[in-house]
Structures are given as C-alpha cells and as structure tokens.
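What follows is a short report on a single structure.
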Amino acid sequence: MTECKIECRYNRSDIITAHAANGEIWFEPGSDNVSPSLADARTFARGILSLADEVDGGEEKAEPAPDSRPKVGDRVIVVEDDPNGLTGTFVGLVGTLTNDDGGACVPYLVKFGEGSHGDVDGQWYCRRVEKVADEPASLPAATITTPTREAYLHRAASDLIELADYLAGEGA
C-alpha cells in the first residue's frame, strides 16, 4: 500500500490522502473539513498504520519509561528551589510533597515542618525535587529541616549580595 484516502460522507469531493514517501508519512488534505462515517474512519486509520509499517517495517517501539515524577505524599529532597525568591535556601532539605501543579514554573509545594510559608521549617514551592529512596518512616525534625552545606552557601551568598546592595544605597 502506498496511499490511502478518506472521503467526506456529505461531499465526496472532500478527500484526505495519506501516502508514504522518503521514509515519512504525508497527509494531503483536499479540503479543510472531512466528516467520514465511523467505518471509513477506522479503515483510514488502519491504512495509516499499514503505511507506517511500510516506512519502519512495523517495528514495536519500547514502552515509555514509567513516570518517575514524585507524587503527593512522597518524601522528597529539594534539588532546585524557586529561582525568583529565597534561591538556594531550601536546596538539600527533605520534606513531604503536598502539592504538584505540573504546569507551573515551580510546581512542587514541599512541607518541611509546621512553620510558616517561606521558613525552612515551613513550606515552599520548588522547581525540582527528587523522591527520597529507602528513607526511614519517621525522621527527627532536625534531620528534616537542617539545610545542607550547599544551602547555607547559597543563603550566605544571597545575604551578602543583599547587604552589598543595601550598603551601596540600592535597597534603602
């Protein structure tokens, strides 16, 4: 099979043609709209699958990797926090993922303790987190909220820049 066609059930001159050429499948619309019968739509779909088999020999592709994205309730470690605020403050902290707004710039809301939003013993939205593997069921609060050396360095650098801006008169 080198091509398959589907025609509109209302206007037979409205046609879409699919064909294989140069290792690709091409669709050539004969009109803007084609409304086929369900049987014709299934036949056309089977024809497209046959064309794809012609192109790649009908190879089965590997199954996509399972979603490794952490899920709400997972214990996570912050890999990258919010680049627009308190940058580096939460990197390395372990907490519980309480919300995942997948489309946002900083989709993961991580709770570190009972403190306020923005406190290292509170919660914060983060850009990247990783699920913590093989972690004991309960950790002492000090383990959960103690920043890593990298987090302290980021916080110190941020504080020094803020102080320098203030001393230069930019923050006054």
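Coordinate-derived values only; no laboratory data. Just so it is clear, the structure is predicted and the values come from calculations on it, not from any experiment. Using ideal geometry, Cβ is built from the backbone for each residue, glycine included, and neighbour counts are taken over all protein chains shown.
With both labels modelled 7 Å from their Cα along Cα-to-Cβ, the D159 to D56 distance reads 5.4 nm. Here I15, I6 are placed in order of increasing Cβ neighbour count within 10 Å, fewest first, which gives I15, I6. The trypsin sites (Lys or Arg not before Pro) found in segment 63-121 that occupy coil by DSSP, while having at most 10 further C-beta atoms within 10 Å, are K71. Counted by Cβ distance under 14 Å from Y125, the other residues give a net charge of -3, where Lys and Arg count +1 and Asp and Glu count -1.
Counting charges near V79 (Lys, Arg +1; Asp, Glu -1) among other residues having Cβ under 9 Å from its Cβ returns a value of -1. Length gained on full extension, C105 to N33, computed as 0.36 nm times the residue gap minus the Cα-Cα distance: 22.2 nm. Across segment 1-63, the relative contact order, built from alpha-carbon pairs under 8 Å that are at least six residues apart, equals 35 percent.
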